[in-house]
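Enquirer: Could you have a look at this structure, given as structure tokens, before my questions?
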Amino acid sequence: MKKQCVDLNSDMGEGFGPWRIGDGVDEAIMPLISSANIATGFHAGDPNIMARTVQLARESGVGIGAHPGFRDLVGFGRRNITETPQTLVNDILYQLGALREFVRLHGLRLQHVKPHGALYMHAARDEAFSRVLVETLQQVDPNLLLFCMESSSTYRVAREIGQPVVREFYADRDYDRSGSIVFIRRIARLDPEQVAEKVLRACVEGKVRTVDGDHIDIDFDSVCIHSDTPGALELVQKTREHLVREGIRIAAPQAATTKI
């Protein structure tokens, strides 16, 4: 069944001091999306970048989410770190709290949390870690949306325990037969028209082509386009253009500007 409305999210604030990841187009992308995943300091981001990115999201009426990662600035959070589930969840809480204060400064609520990179994929595979994460979120904020893939341990555990989830579709990543994304470190420049058509087909037909050439069913609530993918701005622009032309509304999964 064709979707009437979908969230469009992107990772924002992924720099450190004077360094920027990707094309450095956060200011141009922000007004085009409905949810922003803001880096919280471990894989990227620092207090000044977080403050500025939250302000940008507020000005555009975009839902604000924390994007915590592995403690891996050098590897941009894409190297797996072996730690206990509780230690990793403590790292997430630390990062969540940092961004939450910048959000509170503007009288807003944090909309969601979305683990970054290798931590996201670790949670997708590791039920023990996902369980500790979801149980902790239930204690600190049972209404906080958790972004994840439908074909993941994170999704299954969150549904079981009762944490609200937002299922993602990755416009700029390939899928395998299981419905999981194929994780690669370096993404080549993609054709904006092909990416937009891929998203539109997923929204209208509920199908996506896998790396094996199969066509699998896919369901989701939010479309992700990474801001560090080469040509990210063009990908977001073209995808938004196709969705709007098809009559599919782009909106955050819940009110982004709810006051404290």
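Enquirer: Once you charge only the Cβ atoms, +1 for Lys and Arg and -1 for Asp and Glu, what is the size of the charge dipole of the chain about its Cα centre, to the nearest 20 debye? Please list the in-between numbers first.
Expert: Working: 31 positive and 35 negative charges, 65 e Å.
The calculation lands at about 320 debye.
Enquirer: Moving to a separate point now. With a 10 Å Cβ neighbour count serving as the proxy for reagent exposure, in which order, fewest first, do Met149, Met1, Met121, Met30 appear?
Expert: If I rank by nearby Cβ atoms, fewest first, I get Met1, Met121, Met30, Met149.
Enquirer: On to the next question. Could you check the simple spin-label distance between Asp176 and Arg209, using points 7 Å along Cα→Cβ, in nm with one decimal?
Expert: Spacing of the two 7 Å Cα→Cβ label points: 2.0 nm.
Enquirer: Hey, another quick one. Could you grab the relative contact order for the stretch 1-122? Cα pairs under 8 Å, six or more apart, rounded to a whole percent. Walk me through the numbers before you get to the answer.
Expert: On the way: 210 pairs, mean separation 31.1, N = 122.
Computed over the stretch 1-122, the figure is 26 percent.
Enquirer: Under 1.5 on a/c is rounded, so check that first for the stretch 35-97, then, if it is not, pick prolate when a/b is larger than b/c and oblate when it is not; a ≥ b ≥ c are the square roots of the alpha carbon gyration tensor eigenvalues. List each step's numbers first, then the result.
Expert: Values: a/c = 2.60, a/b = 1.96, b/c = 1.33.
Taking the square roots of the gyration eigenvalues as a ≥ b ≥ c, the stretch 35-97 is prolate.
Enquirer: Per 5 Å bin, what is the whole-percent P(r) computed from every C-alpha pair distance within the stretch 5-250?
Expert: 1, 7, 15, 19, 21, 18, 13, 6, 1, 0
Enquirer: Please identify every one of the trypsin sites (Lys or Arg not before Pro) in the stretch 56-101 that sits in a loop by DSSP and has no more than 14 other beta carbons within 10 Å of its own beta carbon.
Expert: Listed in order of number, the matching sites are Arg79.
Enquirer: Counting helices only, and only those DSSP H runs with n ≥ 4, report the 222 nm mean residue ellipticity of the chain as the sum of -39,500 (n - 2.57) divided by its residues, in deg cm²/dmol to the nearest 500.
Expert: After summing the helix terms and dividing by residue count, I get -12000 deg cm²/dmol.
Enquirer: Rank these for me by crowding, Cys148, Cys203, going from fewest to most other beta carbons within 10 Å.
Expert: Cys203, Cys148
Enquirer: Determine, from the Cβ-Cβ distance of Ala188 and Gln86 and an R0 of 41 Å, the FRET efficiency 1/(1 + (r/R0)^6), rounded to the nearest 0.05. The partial results should precede the final answer.
Expert: Working: r = 38 Å, r/R0 = 0.92.
Efficiency, from the Cβ-Cβ distance: 0.60.
Enquirer: Here's another thing I want to ask about it. Counting pairs of alpha carbon atoms under 8 Å apart in space and at least six apart in sequence, what relative contact order in percent does the stretch 5-250 give? Before the final figure, lay out the partial values.
Expert: Values: 490 pairs, mean separation 50.6, N = 246.
The value is 21 percent.
Enquirer: Another one. What FRET efficiency would be calculated for the residue pair Val25, Ala128, taking the C-beta separation as r and a Förster radius of 45 Å, to the nearest 0.05?
Expert: Values: r = 38 Å, r/R0 = 0.84.
E between Val25 and Ala128, to the nearest 0.05, is 0.75.
Enquirer: Apply the Kirkwood formula to the stretch 6-111: the hydrodynamic radius equals the inverse of the mean of 1/r over all pairs of different alpha-carbon atoms; give it in Å with one decimal.
Expert: Kirkwood radius, the stretch 6-111: 13.9 Å.
Enquirer: Right, something else. When the dipole is taken about the Cα centre of the stretch 149-255, and only Lys, Arg (+1) and Asp, Glu (-1) are charged at their Cβ, what size is it in debye, to the nearest 20?
Expert: I would put it at about 160 debye.
Enquirer: Taking the Cα atoms of the stretch 133-260, report the difference between the largest and smallest coordinate on each principal axis, in whole Å and largest first.
Expert: Principal axes ranked by extent give 43, 35, 29 Å for the Cα atoms.
Only the coordinates and a few stated rules stand behind these numbers; no lab work does. Computed from a prediction, not measured in an experiment: that's the story for all the values here. With ideal geometry, Cβ positions are generated from the backbone for all residues, glycine too; neighbour counts draw on all protein chains shown.
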